[in-house]
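The values are calculated or read from the model by the stated rules, or taken from the named source; none is laboratory data. Since we're looking at a predicted model, the values are computed, not measured. Virtual Cβ from ideal backbone geometry, glycine too; neighbours counted across all protein chains shown. Keep in mind that these areas ignore ligands, DNA and RNA; they rest on the heavy atoms of the full protein, side chains included. Shrake-Rupley method; radii C 1.70, N 1.55, O 1.52, S 1.80 Å.
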Amino acid sequence: MSILELGSLQLTLFAMMLIGALLKKKGVIDENGKKCLSDLCINVVIPCNIFKSSLIELGVGVLRSCAMLLVSAVIMQLLCLALNRFLFNRYDAQRKKVLQYCTIVPMSGFLGNPIAEGIYNEVGVLYTSIFLIPMRIVMWSVGTTYFVAGETVEKKKVIKKMLMHPCLVAIYLGLLCMITQVQLPSVTLNTVKYIGNCNSALTMFIIGTILTDVPLKSIVSRDTVKFSVLRLALLPAAALGVGLLLHLEPTALGVSVLMTGMPAGATAAIFAAKYGSDAPFAAQNVVFTTFLSMLTLPLWAYAVG
């Protein structure tokens with residue numbers, strides 16, 4: 001993909017994001033509608049998109065790339081967890097929770113698949129799904145504890161929710177189909193593909209609705225700028241270094257860098273509001289890093305070829 005094609009992809013995604021913002025402004029999508037769209041995306045559309053990406057011919061190269069990507073993702077999550085132990089200690093407790101969560105949870109779950117599919121086609125979505133496994137596990141385990149520290153949490157429920165997350169279930173089923181090379185009925189295949197193809201538009205609509213909730217004048221501050229440098233520059237640079245050390249093939253390397261260089265996860269604002277943390281600050285980081293990523297993601301894509 002040339003830099004012009006990548007720019008066109010970014011503008012297309014941004015246009016869909018603006019449509020989502022407009023729909024929210026006009027009242028077509030209210031708060032309940034936004035929640036319904038998010039639930040629909042996470043529980044149905046993204047899993048279908050992941051599953052259809054697994055319906056490719058199995059090769060030794062693909063398996064090796066998936067395995068090395070998983071190793072790379074684990075290393076990056078361990079690095080983020082280590083940084084969280086000391087990097088944000090000077091902040092008050094409410095902001096510290098937000099920054100810790102945003103460090104381990106980028107917006108890859110929403111924004112990752114459209115970007116990966118646009119640049120690397122089906123194999124990009126498959127690699128993205130594999131790379132995000134450790135992030136999803138940490139998100140629903142350690143990430144949750146940042147906000148509910150001090151509250152009674154049933155570990156069994158957390159583990160069950162983590163392992164049975166729809167996106168992880170889609171990976172289990174997809175890998176099973178890829179390994180066995182089972183031939184699914186055309187009705188099943190077409191249903192999954194048509195639903196999965198809705199992913200880009202729906203995810204961009206959701207991100208657009210999030211952008212409208214934060215006044216643009218409030219998003220730029222010393223803290224949001226400093227965190228953006230970490231989220232959009234330093235972490236993907238670390239992912240690039242890890243990928244080169246592991247000798248990831250070009251597509252896998254690109255996926256690892258781009259998924260790590262995604263903006264702060266939108267769920268940060270949701271969790272912050274739900275558990276009485278600094279929700280406005282969380283939303284500011286999500287919005288600011290999302291805007292900046294329109295510039296940084298093409299640069300990283302160009303850097304990794």
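In segment 108-129, the residues that are among the aromatic types (Phe, Trp, Tyr) reach residues that are modelled with pLDDT of 85 or more with C-beta atoms within less than 6 angstrom, at least six apart or across chains, in these pairs: TYR120/THR251; TYR127/LEU69; TYR127/ALA252; TYR127/VAL255.
Taken over segment 237-253, the residue count meeting the criterion of being assigned to a helix (DSSP H, G or I), surrounded by fewer than 24 Cβ atoms within 10 Å (Cβ to Cβ) and in contact (Cβ under 8 Å) with a residue 40 or more places away in the chain is 5.
Of the set (1) within 25 Å of ASN89 (Cβ to Cβ); (2) under 20 Å from the mean Cα position of the chain (by Cα); (3) surrounded by 21 or more Cβ atoms within 10 Å (Cβ to Cβ), all apply to LEU234 but (3). For segment 64-74, the condition of being touching a residue at least 12 places away in the same chain (Cβ under 8 Å), over 19 Å from the mean Cα position of the chain (by Cα) and open to solvent by 60 Å² or more (accessible area, probe 1.4 Å) holds for none of the residues. As a summary of the residue check, VAL220 satisfies the conditions (1) out of contact with any Lys or Arg (no Cβ under 9 Å at 6 or more places or on another chain); (2) surrounded by 12 or more Cβ atoms within 10 Å (Cβ to Cβ); (3) in contact (Cβ under 8 Å) with a residue 12 or more places away in the chain; (4) part of a helix (DSSP H, G or I) except for the one numbered (4). State all residues of segment 259-269 that are assigned to a helix (DSSP H, G or I) and either in contact with a helix residue (DSSP H, G or I) (Cβ under 6 Å, 6 or more places away or on another chain) or without any contact (Cβ under 8 Å) to a residue 60 or more places away in the chain (or both); if no residue qualifies, say none. Result: MET259, THR260, ALA268, ALA269.
Any residue in segment 280-292 that's assigned to a helix (DSSP H, G or I): show its pairings with residues that are charged (D, E, K, R) and modelled with pLDDT of 85 or more at Cβ separation under 6 Å, as long as the two are six or more apart or on different chains. Listed pairs, sorted by first residue: PHE281/ARG95; THR289/ARG231.
Condition test on GLU5, is it under 25 Å from THR191 (Cβ atoms), more than 19 Å from the chain's Cα centre (by Cα) and at pLDDT below 80? The answer is no for GLU5. SER277 fulfils the conditions (1) of a type in the set (Gly, Ala, Ser); (2) in contact (Cβ under 8 Å) with a residue 12 or more places away in the chain; (3) in a helix (DSSP H, G or I); (4) open to solvent by 10 Å² or more (accessible area, probe 1.4 Å) except for a single criterion, (3). In segment 124-164, the qualifying residues are those that are modelled with pLDDT under 75 and in a loop (DSSP other than H, G, I, E, B), and the one that is most open to solvent (accessible area, probe 1.4 Å) is THR152. If you go through segment 20-34 and pick out every residue that is loosely packed, with under 14 Cβ neighbours inside 10 Å and either without any contact (Cβ under 8 Å) to a residue 40 or more places away in the chain or not basic (Lys, Arg) (or both), you end up with 6.
If LEU99 satisfies every condition in (1) surrounded by fewer than 20 Cβ atoms within 10 Å (Cβ to Cβ); (2) modelled with pLDDT of 90 or more but one, which is the exception? Condition not satisfied by LEU99: (1). Given the structure, is GLY254 within 15 Å of THR103 (Cβ to Cβ), touching a Phe, Trp or Tyr at 6+ places or on another chain (Cβ under 8 Å) and of a type in the set (Gly, Ala, Ser)? For GLY254, the condition - within 15 Å of THR103 (Cβ to Cβ), touching a Phe, Trp or Tyr at 6+ places or on another chain (Cβ under 8 Å) and of a type in the set (Gly, Ala, Ser) - is not met.
Checking LEU79, LEU83 one by one, the residue that is of a type in the set (A, V, I, L, M), under 22 Å from PHE281 (Cα atoms) and surrounded by fewer than 24 Cβ atoms within 10 Å (Cβ to Cβ) is LEU83 and no other.
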